[in-house]
Amino acid sequence: MSVITRDILYQLFRKGEIKENSPFHLHKSDILTPSAREFLASKQMTIVPENSVQTEKPEEYTHLHDGALVPKNHPRIILRGKLDRLESEIIFAQIIAKKDGFPGVVSDLEEIIKFIRLIIRCEVKDEPLPEINLQGLSKADLREHSHHLYKNYGIHHFLPSVNHGETVVALNRLRTLTRETEISAFTAFETPSKHLERYDILTALNRLSSLFFIMMAKVLTNRYEREKQ
């Protein structure tokens, strides 16, 4: 059994034997001091238990994938929290749209919820995100529609307003939350050499924020049938 201290890790780091944003393999008989765990967290290093059937998980750590443990402020974990919040906010927006008499908006948001869950699954399992059309629009279509509102919806670019009603305001909230999630994704998938990984997820979130803007335009131009209240 070995007790691994912060000083030991610091020396290994200086020698290049362990590196930032990389796994740290911990034998089941080894013990990390609290300061050593803080050092690994500061370097965004994942703890991978070796030769262990079951390892007690420290409260400040969580699973990234398989047996890899990371601090709960790891960029990938922050991203998962953002995606989780986005999903919950979409459900809340569905309640608003249903009350406001827009069943089509509720249905379109349900499709987006399934897409968010697919993103989460592909991120956790490190699988490629498949190409999926949302509301019948490809990624190229989404870009074209959001950049040419007047051509496609007969409305000029607009700024959200309280006068647009609850459903539009709720959709705009989702648009901004998606932007925040996209920024978290850039942080999570940027390597130390500034290379971006998971470009599929980054692109998907960028297009999703455009889709929410398109939905706002569709509500404002009566493209969604509204039920009588």
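No lab work stands behind these numbers, since they all come straight from the coordinates. All figures in this text were calculated on a predicted structure; none of them were measured in a lab. Here Cβ is always computed from backbone atoms with ideal geometry, including for glycine, and neighbour counts include all displayed protein chains.
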Legend entry - As computed over segment 1-153, the Cα convex hull volume per residue (Å³): 166 Å³
Inset, instruction - State whether segment 75-220 is rounded, prolate or oblate according to the following rule on the C-alpha gyration tensor (a ≥ b ≥ c being the square roots of its eigenvalues): a/c under 1.5 gives rounded; otherwise a/b larger than b/c gives prolate, and the remaining case gives oblate. - result: prolate
Legend entry - In segment 150-228, trypsin sites (Lys or Arg not before Pro) in a DSSP loop with at most 11 other beta-carbon atoms within 10 Å: K194, K228
Legend entry - Fraction of beta bridges assigned by DSSP in the chain that are antiparallel (%, nearest 5): 50 percent
Inset, instruction - Sum -39500 (n - 2.57) across every DSSP H segment of at least 4 residues in the chain, then divide by the residue count to get the 222 nm mean residue ellipticity, nearest 500. - result: -18000 deg cm²/dmol
Inset, instruction - Name the helices (complete DSSP H segments) of the chain with a Cα length along the long axis of 27 Å or more and a Kyte-Doolittle mean of at least 1.0, or state none. - result: 199-220
Legend entry - Within a Gaussian network of the chain (alpha carbon springs, distance under 10 Å), most fluctuating of L202, L12, L171: L12
Inset, instruction - At most 13 other Cβ atoms within 10 Å and a DSSP loop assignment: could you name the GluC sites (Glu not before Pro) in segment 180-212 that fit? - result: E197
